[in-house]
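One structure is given below, encoded as structure tokens.
The values are calculated or read from the model by the stated rules, or taken from the named source; none is laboratory data. Note that the structure is a prediction, hence the values are computed from the model and not measured. Cβ sites come from the backbone with ideal geometry, for glycine too, and all protein chains shown count toward neighbours.
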Amino acid sequence: MSLFAWRAPELRRFDRWATPVLAAVALVVLLGETLRPLRRRTRPRTERWPRNVAVAGPSLLLLRLALLPAMVGLAQRGRSRGALARVAAPARLVLEWLLLDYVAYTWHRLLHAPLLWRLHRVHHLDRDMDLTTAWRFHFGEMLASIPYRGALPALLGVRPGTVLAYEALFEAGTAFHHSNWRLPLALERSVVRVLVTPRMHGIHHSDVRRETQSNFGVVLTLWDRLHRTLRLHVPQQDLTIGVPAYPEAPAQSAAQLLCLPLTPLRPWARPDGTVPDRQRPAQSTNWRTSPMLLSCPGAGMAGRVLQP
Ligand SMILES: [Zn+2]
């Protein structure tokens, strides 16, 4: 049995149903962010989109030709052996989905460690966020994720069909939370109790380091709450998106971005040496009665109410 299950029937089924579903999600997100933008654009779309699509091309290709076949191939081997194989059907499915989303959360945290940050910074360097940011990953990040996102669920017995169904949700969630779509604040405050939203993930793309080191979730906000990495108390109008050491000039080409992992890491500071910061939110006295599930001292005691 090959590691890459290129001919797996599950993959063919995935192509048939997930492609139109994800295209529809992308269209809805694009309409939403065009009609009701959340943050003011700093660069024109005509400058960013060709660059983002050029970086995304090899990455999406490897997602379909390497990461997904490897995830399925590994899952085929582990489906009857892992610990989850002994769990009864409905509970197994719930545990599989939770596990896959937790693996995505922990993988994202690893991407912010120095070694993998070399790859992941290509995504974070974008000075605005929209649907195209959701696809702008270095292709090396796809390859690097195979041993972790592929092998870990397989070892625990997640089935190939569940892996692919979650992957569709992962892609839809990524498109949604990277979008520049201004949802009604009350609605987003309700949604963010369970799901990662555009305002929440916008904070993850802030140029303030402690804000980038928060909100790692992909689909569920549960993991950020449990690990106390949730941070909601930053108004979107106060955000500067990007990485301060790379004030991306229009001259920064897709070719330069693709070669970026080979260049040394830079300190988290602007080229003039100043470090972006923000006054921490005042300590809230009623954080224990906050509607959020758990406190998150890492984000400040007042960090749990989503701001406009
Ligand atoms: Zn990130």
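Does P244 meet the test of being in a loop (DSSP other than H, G, I, E, B) and not hydroxyl-bearing (S, T, Y)? So P244 passes the test. Looking at segment 199-217, which of its residues are more than 10 Å from the ligand (Cβ to nearest atom), within 11 Å of the chain's Cα centre (by Cα) and surrounded by 24 or more Cβ atoms within 10 Å (Cβ to Cβ)? Scanning segment 199-217 gives a single hit, G217.
For every residue, the table says whether it meets (1) away from the ligand (no atom under 16 Å from the Cβ); (2) in contact (Cβ under 8 Å) with a residue 12 or more places away in the chain; (3) buried (at least 21 other Cβ atoms within 10 Å of the Cβ).
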{"position": "A91", "(1), (2), (3)": "yes, no, no"}
{"position": "H112", "(1), (2), (3)": "no, yes, no"}
{"position": "L115", "(1), (2), (3)": "no, no, no"}
{"position": "R121", "(1), (2), (3)": "no, yes, yes"}
{"position": "L131", "(1), (2), (3)": "yes, yes, yes"}
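Of all the residues in segment 93-107, those that are within 14 Å of the ligand (Cβ to nearest atom) and either among the basic types (K, R) or surrounded by fewer than 18 Cβ atoms within 10 Å (Cβ to Cβ) (or both) number 1.
Of the residues making up segment 164-183, not a single one is surrounded by 20 or more Cβ atoms within 10 Å (Cβ to Cβ), more than 12 Å from the chain's Cα centre (by Cα), at pLDDT 95 or above and among the β-branched types (V, I, T). Applying the condition of being of a type outside the set (G, A, S) and farther than 14 Å from R136 by Cβ to segment 243-260 and asking which residue is surrounded by the most Cβ atoms within 10 Å (Cβ to Cβ) yields P244. From the list L220, L185, L195, L226, the lone residue that is among the hydrophobic types (A, V, I, L, M, F, W, C), more than 15 Å from the ligand (Cβ to nearest atom), over 26 Å from L27 (Cα atoms) and touching a residue at least 24 places away in the same chain (Cβ under 8 Å) is L226. Taking R43 as the residue in question, decide whether it is out of contact with any Gly (no Cβ under 9 Å at 6 or more places or on another chain) and surrounded by 21 or more Cβ atoms within 10 Å (Cβ to Cβ). Taking the combined requirement at face value, the residue does not satisfy it. Can you find, within segment 224-242, the residue that is surrounded by the most Cβ atoms within 10 Å (Cβ to Cβ) among those that are touching a Ser or Thr at 6+ places or on another chain (Cβ under 8 Å) and not β-branched (V, I, T)? Filtering first and then ranking leaves L230. Put simply, of G57, G82, G73 the only residue that is free of Cβ contacts under 8 Å to residues at least 40 places away in the same chain, within 25 Å of A144 (Cα to Cα), of a type in the set (G, A, S) and surrounded by 13 or more Cβ atoms within 10 Å (Cβ to Cβ) is G57.
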